Amino acid sequence: MSIIQVENLEYVYGAGLPGATRALHDVSFSIEEGDFVGIIGPTGCGKSTLITHFNGLHRPSSGRILVDGQDMWADPKAIRRFRFMVGLVFQYPEYQLFEETVYKDIAYGPTNMGLDADEVRRRVLMAADFCGVAESWLEKSPFELSGGQKRRVAIAGVIAMQPRVLVLDEPAAGLDPEGREMILSQVKAYHRESGSSVVLVSHSMEDIAKYADKVLVLQEGTVAMYDTTENVFARAQELMDMGLSVPQVTQIFLQLRSMGIDISTDVYTIPYAVKTICRALEERGLSGC
Amino acid sequence: MSDEKMLKTENITFAYEEDAAPVLRGVSCEVRRGELVAVLGANGCGKSTLAKHFNAILLPTEGKVWVEDMDTADENKLLDIRQKVGMVFQNPDNQIVATVVEEDVAFALENLGVPPQEMRLRVDEAMELAGIYKHRAKGPHKLSGGQKQRVAIAGVIAMRPDCLVLDEATAMLDPRGRAQVMKTVRHLNRDFGITVVMITHYMEEAAEADRVLVMSGGEIVMNGTPKEVFVRSEEMKSLRLDVPQAQELCLALREAGLDVPTDIISTEDCAAMLARLLQTGRADG
Amino acid sequence: MLRDITIGQHFPGDSPVHRLDPRIKLLLTLAYIIVLFAVHNISGMVLAFAVVLGLYLAAKIPLKVLARSMRPLLPIILFTAVLNLFFAAGEPIVQIWIFKISKEGIYYAITMVLRILCLIAGSSLLTYTTSPIVLTDAVERLLRPLAVLHLPVHELAMMMTIALRFIPTLIEETEKIMNAQKARGADLDSGNLMQRVKALIPVLIPLFISSFRRADELAMAMECRCYHGGDGRTRMKQLHVTGQDVVSTLIFCFAMAVLVATRWLPF
């Protein structure tokens, strides 16, 4: 069964006021249990608005969202329940840290869920472990940590709620290459080991290509593409026409094609690129790999 | 580009507190007038601390920093130094002072006591250069990140500095904003001869520079053209830095047993090389 | 949402009201407010209201905007009306239980409501037609003579500018932090007063920390742009009193004189 099902979602900012703007229009798609979905789209395409719908921070102007088969807004008073099912990590989440110790901050979500102290403890340690938060940090103030470390604590604070779906908005923004790699591979490990679904919003096509199994492309508030990563990057030219960048390695193959060389352009990772080149050499009867 | 010296550091050491471990350990470097220099390095390598030495926001614990022939430790020269070396920071929101774009661009000139008629001309000129003239009457909160960052650049350019230091000025921007800022910076460098020092951790941006300095542990560990630096991909990786995918692809192809050159860093060069390989079976022209 | 607040908002335009020298505009607004308290007749109040509505039309600001800014103040207006209606001394014409309504009561209620409406409309017109920075500038220039008395006029004006600049940024930031904490299950909208105040801690602490960080970075950015206090500073925008300003001022003063003159009318 789909874990998140979006049906004809429409959202208008400042409805009824002059200057009302439609952020989402007729958005329908579903995310299956265990999927790793990347969401891409130019700035202002409605990505942030869409993901804040997933845990009920925005209420659809029309259409509905089913989480685990239940209509989120059937009973608006019970909306908090869905906040625990869909964990949302915002951009620059380190700016939400507030507790005296790292432990208490990670425990904030699980405590709000009304869990007992033992269960809270178990979850804090589990989340800290997944996010590479060392045990020695747990009793420190979060404000003593470096930027990248704070980021990991903040993400642990959401993972500790053990959400069925983990949604991350640009989790690696502003980090150096090592920090990026570390956070994203931790998210991937969490996805693999917990079996939860993950939704990753990112501007970095290289990251999406590397981690996502499926990609949703939003454009001007509507779904432009929703397919496997391979099939989406095979339409690289269309993506570039939308003003999106594609991985550099894909650009190389697009340039080859424009030089009149007959080669497939659905390449989005280095190993696949090597394979494609070797195959093309073989087909041409040239010395291969 | 001339051989004239713009910035120079002589064996500088710096620690934020007296007993703390130094963040800079004997950094010596020189930036020539008109150069576009990128400083790459992982978080905590000291690159932002170095940047803040270029216009006397920080003074070295040991060693000297020169802006042309002015010692940054000379307090009488402070305003001259700040006017000569403009600085743009990471967070666009935290460097805009006024509630209207053009008022903000005028801020530095107002501080310097420039007469109003001349100020108007220089403000308009700076806004044109940064490509934000059409937004001049807007409030900064109505602008995108890339636009805000260009307002910050215009506010600095209005001082007519000889050198622009960008301290991770693109780190918080989306790809479009980054492209806008980079375009503006290139324009200022190429067409107006403004020296640029760009602190970044995006290797794509560094690839466009004339020269790349790589920092690690408070020291400069590499110094050369982008090509010279990026071909040392093993070393770059050990310093926790990325190399362009074009370079990675060449290395992977080599590992697969193909005879391809490894000094390629741009997508264009890589595509050209692959085209030759697929047409003739040989990578070198 | 926090963003819907319209009081203090600025609607740029190019009307005679917009163009009026901000110093004169500020002084005339003060004069108008004083005159409102000098007028006691319904006829005078109606006239005063007509004057301000006329200025809205001249400034091309839709009256809908004015109506929207008055909505949150409706309870205060009604409360004042009721207070005047029932508690004014005079001959009762209707009596319900212990409440008496007199002719004077009705008279006072109408005058008072009109006065409040005029106050809101008049002061809003100033902020609607004058950008905050120009207004701050006008305050600084009007207060400048006080600098002789060692009053930190420039510093106060700078603080006002920075506050105005950062209000939208901090509102946006507050919303972001609130959403982030709600996503972690924070319950900000229910419970008694104590519980609600406590629930705000996770919002306020990050907000304070980020404000301090912003202040730090802003100070550094200002230093980089050669800020060194008010000494030797010039301003890009100079204020000049034009012929049109003089004419507008004379017309406005005449209108104010007429308003004050209504004191001697019998109704």
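Points to keep in mind about this one:
- Using C-alpha pairs below 8 Å separated by at least 6 residues, the relative contact order for segment B:65-215 is 27 percent.
- Karplus 3J(HN,Hα) series, Hz, for segment A:21-28 with 6.51 cos²θ - 1.76 cosθ + 1.60 (x for Gly, Pro): 10, 8, 8, 9, 9, 6, 8, 9
- Working note: Cα atoms of segment C:1-150, range along each principal axis, descending, whole Å: 57, 40, 29.
- Gain on full stretching of the segment that runs from C:I171 to C:W97 - 0.36 nm per residue minus C-alpha separation: 21.8 nm
- Here the relative contact order of segment A:1-64, from alpha carbon pairs under 8 Å that lie six or more residues apart, stands at 41 percent.
- Taking 0.36 nm per residue of separation and subtracting the current Cα-Cα distance, fully stretching the chain between C:K237 and C:F208 would add 7.0 nm.
- Cβ-derived FRET efficiency at R0 22 Å, A:E32 paired with A:R192, nearest 0.05: 0.90
- Each label point was placed 7 Å from the Cα along the Cα-to-Cβ direction; for A:E238 and A:Q91 their separation is 2.6 nm.
- Chain A - Cys residues lacking any other Cys C-beta under 4.7 Å: A:C45, A:C131
- Equivalent-ellipsoid semi-axes for segment C:33-75 (Cα gyration tensor, √(5λ), whole Å, largest first): 21, 15, 8.
- Cα gyration tensor shape of segment A:247-289, rounded if a/c is under 1.5, else prolate or oblate by comparing a/b with b/c: oblate
- Per-pair calculated FRET efficiency, R0 = 30 Å: A:D116 and C:K198 via Cβ, rounded to 0.05: 0.90
- Each 10 Å bin from 0 upward holds the following percent of the Cα-Cα pairs of segment C:114-162: 26, 37, 27, 10, 0.
- Student exercise, segment A:62-134 dipole from Lys, Arg, Asp, Glu Cβ charges, in Debye to nearest 20: 240
- DSSP bridge analysis restricted to chain A gives an antiparallel fraction near 55%, rounded to the nearest 5.
- GluC sites (Glu not before Pro) restricted to segment A:137-246 and DSSP loop, no more than 11 other C-beta within 10 Å: A:E139
- Considering helices alone, the calculated mean residue ellipticity of chain B at 222 nm is -11500 deg cm²/dmol, with DSSP H runs of length four and up weighted by -39500 (n - 2.57) and normalised per residue.
- Cα centroid separation - segment C:81-141 against segment B:212-253, whole Å: 72
- Whole-number D in µm² s⁻¹ for segment A:2-246, Kirkwood Cα-pair radius fed into Stokes-Einstein, 4 °C, 1.567 mPa s: 70
- Mean partner shielding of peptide B:271-278, defined as the number of other chain Cβ atoms within 10 Å of each residue Cβ, is 6.
- Highest GNM mean-square fluctuation among C:V139, C:V65, C:V17, for chain C modelled with Cα contacts below 10 Å: C:V65.
- Förster radius 51 Å - calculated FRET efficiency between A:M1 and C:A215, Cβ distance, rounded to 0.05: 0.50
- Relative contact order, percent, segment C:129-267 [alpha-carbon distance under 8 Å, six or more residues apart]: 18
- Computed from the alpha carbon positions, the gyration tensor of segment C:146-224 leads to an equivalent ellipsoid with semi-axes of 34, 16, 10 Å, biggest first.
- Note on chain A: with a GNM built from Cα contacts shorter than 10 Å, the maximum mean-square fluctuation among A:T229, A:T21, A:T265 falls on A:T21.
- Chain A: most fluctuating residue of A:Y103, A:Y211, A:Y272 per GNM, C-alpha cutoff 10 Å: A:Y272
- Annotation: for a label point projected 7 angstrom from Cα along Cα→Cβ of B:K237, residues of segment A:251-289 with backbone N closer than 17 Å are A:269-275.
- Hull volume in cubic angstrom per residue (convex hull over the Cα atoms of segment B:5-243): 118
- For B:L36, the amide hydrogen comes within under 5 Å of the amide hydrogens of B:V196, B:D210, B:R211, counting only partners 5 or more places away or on other chains and with H modelled in the peptide plane.
- 0 to 90° range, to nearest 10: angle between helix A:117-130 axis and chain A longest Cα axis: 20
- Kirkwood radius for segment A:128-238, taken over all pairs of different Cα atoms as the inverse mean of 1/r, rounds to 15.3 Å.
- Chain C shape via C-alpha gyration tensor axes, a/c threshold 1.5: oblate
- Across the alpha-carbon atoms of the protein assembly as shown, the computed radius of gyration and Dmax are 31.5, 113 angstrom.
- Counting other Cβ atoms within 10 Å as a rough exposure proxy, the listed residues A:F29, A:F98, C:F37, B:F89 run C:F37, A:F29, A:F98, B:F89 from fewest neighbours to most.
Read-outs throughout are calculated quantities, based only on the coordinates presented, and are distinct from any laboratory measurement. These figures come from a predicted structure and were not determined experimentally. Counting neighbours? That spans all protein chains shown, and the Cβs are built from the backbone with ideal geometry, glycine included.
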